[in-house]
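Accompanying notes for the structure given below.
The values are calculated or read from the model by the stated rules, or taken from the named source; none is laboratory data. Just so it is clear, the model here is predicted, and its values are computed rather than measured. Here the Cβ positions follow ideal geometry from the backbone for every residue, glycine too, while neighbour counts run over all protein chains shown. Each accessible area value is taken on the protein alone, full model and side chains, heavy atoms only, with ligands, DNA and RNA left out. Shrake-Rupley method; radii C 1.70, N 1.55, O 1.52, S 1.80 Å.
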Amino acid sequence: MRYSVRKHSYNGNNWDTFDKVMEYFAEKYVNGSIDDAKCFLYDFGEYLEEETRFPCDRIVLNIFNGYNDRFDLILQYNGEKIVWLQIKLEKYGLINLCNFRYENEGFKKTFHNCIEQYIDSINNNIFNDWLRKCKVKSEGDNSIKLVKYEDYKVTDTIQTIVGTIEHIFDVYTSLNDRLRYCNGTYWRFVDNNIDSLYHIFVKKFKGNYFLMNAVNRGALID
């Protein structure tokens with residue numbers, strides 16, 4: 001696998017070498033070192049080589065695409081484009097595939113599931129790391145405390161939810177959704193790490209989590 005970048009010059013700044021572009025990529029998107037940025041690219045390339053049985057010999061990175069929060073990856077074989085991917089790196093290191101365009105349906109059948117599985121595996125690993133950090137079980141019952149806010153101020157009202165982490169998040173979401181028209185009244189997790197875990201759970205969910213939550217509890221959807 002070969003790796004290349006789209007170069008760019010603007011307002012006296014020149015990103016005219018691979019390392020200069022990767023250094024900027026590390027600073028703007030990866031929130032790490034240039035080695036971290038290269039690992040992001042190389043790991044993806046190695047995964048594609050292992051998981052697909054169809055030729056892909058180059059990945060082109062384009063961070064100068066007019067967006068401030070996403071970048072492009074172009075997969076090629078023998079100089080011909082296979083697919084254009086637009087990717088956003090979210091908070092906590094989560095990956096979001098914002099958009100894609102395959103050159104034909106054959107390429108899509110070969111690559112798309114593999115690409116989605118790769119992204120899911122990274123996001124799931126991040127979620128599992130936070131489960132361990134929060135000392136929460138992925139299966140079985142947990143006990144999580146919520147605190148109520150009124151008029152945007154914390155109160156002494158505490159509620160404990162017991163169940164799987166998915167059940168706890170569903171109850172938490174339902175509680176706050178029912179209060180959405182009451183200004184300043186809502187529930188929060190007592191532990192800020194659980195709050196982070198919840199946001200990771202929502203971000204990595206396949207589909208619209210809040211819509212699913214509303215439908216499951218029988219809410220009417222306009």
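Would you indicate which of [x] 0.97; [y] 1.08; [z] 1.06 is the value of Rg/Rh (Cα atoms, Kirkwood Rh) derived from the coordinates of this structure?
Label of the calculated value: [z].
Expressed as a rounded percentage, what relative contact order does the chain have, with Cα pairs under 8 Å and six or more residues apart?
It rounds to 12 percent for the chain.
Given only helices, namely DSSP H runs of n ≥ 4 each adding -39500 (n - 2.57), what is the per-residue ellipticity at 222 nm of the chain, to the nearest 500 deg cm²/dmol?
Result for the chain, helices only: -13500 deg cm²/dmol.
For the chain, with every protein chain kept in place, what is the accessible area per residue (1.4 Å probe, Å²)?
Here the residues of the chain average 59 Å² of exposed surface.
Picking from TYR92, LEU48, ILE161, whose Cα lies most toward the positive end of the charge dipole for the chain (charges on Cβ: Lys, Arg +1; Asp, Glu -1)?
ILE161
Once both labels are modelled 7 Å past Cα along the beta-carbon direction, what's the ASN99-TYR209 spacing in nm?
The answer from the label model is 2.5 nm.
Relative to the longest principal Cα axis of the chain, at what angle does helix 192-204 sit, 0 to 90 degrees, rounded to 10?
Orientation of helix 192-204: about 50 degrees from the principal axis.
What is the distance, in nm, between label points placed 7 Å from the Cα along the Cα-to-Cβ direction at SER196 and at GLN159?
Reported label-point gap for SER196 and GLN159 is 2.6 nm.
The chain: longest stretch without exposed trypsin sites (Lys or Arg not before Pro) (DSSP loop, at most 15 other Cβ within 10 Å), sites themselves excluded?
That gives 54-134 as the longest site-free run.
Which entries in LYS88/LYS153; LYS108/LYS203; LYS20/LYS109; LYS88/LYS133 show an alpha-carbon gap greater than 32 Å?
LYS88/LYS153; LYS20/LYS109
In whole percent, how big is the carbon plus sulfur part of the accessible area of the range 60-184, probe 1.4 Å, protein atoms only?
In the range 60-184, the share of accessible area belonging to carbon and sulfur is 44 percent.
Can you work out the Karplus-derived ³J(HN,Hα) for every residue in the range 32-42? Use 6.51 cos²θ - 1.76 cosθ + 1.60 with θ = phi - 60°, whole Hz, and x for glycine or proline.
x, 7, 5, 5, 4, 5, 5, 4, 4, 6, 5
By how many degrees, between 0 and 90 and to the nearest 10, does the Cα long axis of helix 165-178 differ from the longest principal axis of the chain?
70
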